[in-house]
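Derivation of every value follows stated rules applied to the coordinates shown; laboratory data play no part. Only a predicted model underlies this, so the values are computations on that prediction, with no experimental measurement involved. Note: ideal-geometry Cβ built from the backbone for every residue, glycine included; neighbour counts use all protein chains shown.
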Amino acid sequence: MHVFPIVVARGRSSRTLFSVLTGLLLVIAALAALASPARADVPSTPATDPFAAPLCEGTTVSDPSQAEGTVADLTMVFGQRLVDYNAGRMVFLYNSHGENTVDTPVCGVRYVEGLGPVSEWAYCTDFHSLYCNVTDENGNLTQDGDILPPLEDLDTNPRLTADQERLIHYILTTELPMVRDGVAITTGNATQPQRNVRQRAVWCISEPENKPPFLETFCAENLTLAQQQSILDTLPPDPVDDAVLELSGTGTPVLTGQETRVTMLTNIATVPIQLSAPGATVTVCESSVGQAVYRDGELQVTVADGGPASIDLCVTWPEAGPQVVTAAAEGVRPAVDQLHWVQSPASVDGVPCQVFSSFSSTRSAAVSAALEVIVSVAPAPVPPTMPAPAPTSPAESSGSGSTSETRAARGAAPAGALAATGGSVEWGWVVGGGAAVLLGAVLLGLRRAKAISTPRRHAPEVR
């Protein structure tokens, strides 16, 4: 998986979270597998001792490990074969019969990174050229006893058109019912007769003219030009030569429950892109609604003029922790990219050696990309702080409440505040007030008693 990591740290406080996220977010390493496939893998540690290569698919008439002739075990990689293998070249082992004689197809072995030696059947694509497939006692490639240069990797057979390449790819990867010498047989790699029919089918494509009589008859019965066109019409269109599929983030913190934007850059429109973000909600952002449609894990992109389109995807993760978005598309490389072409750059008496083609089962026609994300917990919302009420005058107060609450909020109420506020006074004030009233009543009573006991002086009667 090709990873575009986004590393996001987790923190407790919002300030710490932001600073850590800012420092670690979007450590991106773009490693999408989008370049043209390498034509030769070279072992990092060369093989120093001869070894037996794996057999090619299917059976042979003869056992190649117990061969007749100058090489007793045709599966062994030794001498010049070992030198060529360590240089990343394909090495021919034995022919379709399991023998060390001129014939086609040929079983060849090559080094594949991560797998080691891989053996595949290689089919001739030049009927009128030399096979150049026999090995001498020192591991050299020969033709009619002449030592030849080793096999070299090619991008393709320059004689062939793009449609011919696609048809050969189809023949090497599909079991097709055919007729050979009046007998029905299916093409394949399992047996020598099936490989022979497959080889003839390849020649029907590579040799549209100048066929020998046996091949002319075979192609007329099985692969006419009209039949070839019919096959082409059923094949999906080849995508662009350089498929682009990239994922990137926005550079902002990725938090749970909050929508984040993931941008896909791609020119793949011939097939849907498989999109996965486990546990997340994924939609096409409003800014990209006209460029792509997302449904049930598949993203179908509309690319204008074959150029890369930038698609914004809105993604929301409900859970914190490591998360990943992956994108992959199958069958987006040109068919020829899965074909391995080799030839010895030699000629004997002016006749060149064959260009052989094998289907490379280790070369994927898919492209993929991934974006790794670490989602952090969104900080909990902080409740707002309520400000203390400002002091109020008695006229501004209303309602009832205890004296302690009123005093705590605005201090002791002044005289007359009780009626204004509807509040109550403390017992000390009640007792003091009551004593004053009682004292006043006593003094008033004494004064009245004195007045009553004093004799009145009557005014003289006026006559």
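Observations, loosely collected:
- Counted by neighbouring Cβ atoms within 10 Å, the residues Thr60, Thr135 run from fewest to most as Thr60, Thr135.
- Karplus (6.51, -1.76, 1.60) ³J(HN,Hα), θ = phi - 60°, over region 225-234, in Hz, Gly and Pro reported as x: 4, 5, 5, 4, 5, 4, 5, 4, 5, 8
- Per-residue Cβ neighbour rank within 10 angstrom, fewest leading, Ile168, Ile231: Ile231, Ile168
- Positive-end residue, region 175-261 charge dipole about Cα centroid, Cβ charges, pick of Thr250, Gly182, Leu235: Gly182
- Taking a ≥ b ≥ c as the square roots of the eigenvalues of the Cα gyration tensor, an a/c ratio of 1.5 or more together with a/b no larger than b/c marks region 120-199 as oblate.
- Residue exposure sequence - His97, His169 - by fewest surrounding Cβ within 10 Å: His97, His169
- Unit charges on C-beta of K, R, D, E only; dipole of region 168-269, Debye: 320
- The residues packed around Gln274, meaning those with a beta-carbon under 13 Å from its beta-carbon, carry a net charge of -2 if Lys and Arg are +1 and Asp and Glu are -1.
- Net charge of neighbours whose Cβ lies under 15 Å from the Cβ of Thr217, counting Lys and Arg as +1 and Asp and Glu as -1: -1
- Cβ-based net charge around Gln354, under 13 Å, with every Lys or Arg adding one and every Asp or Glu removing one: -3
- Distant-in-sequence amide H partners of Val373 (H built 1.01 Å from N, under 5 Å): Ile6, Gln323, Val324, Val325
- Ranked by the mean number of other Cβ atoms within 10 Å per residue, highest first, peptides 48-56, 99-107 order as 99-107, 48-56.
- Looking at region 226-345, the pairs of alpha carbons with a distance over 21 Å make up 48% of the total.
- For region 213-224, putting each phi into the Karplus relation 6.51 cos²θ - 1.76 cosθ + 1.60 with θ = phi - 60° gives couplings of x, 4, 6, 4, 5, 4, 5, 5, 7, 10, 9, 6 Hz, in residue order, rounded to whole numbers and with x for Gly and Pro.
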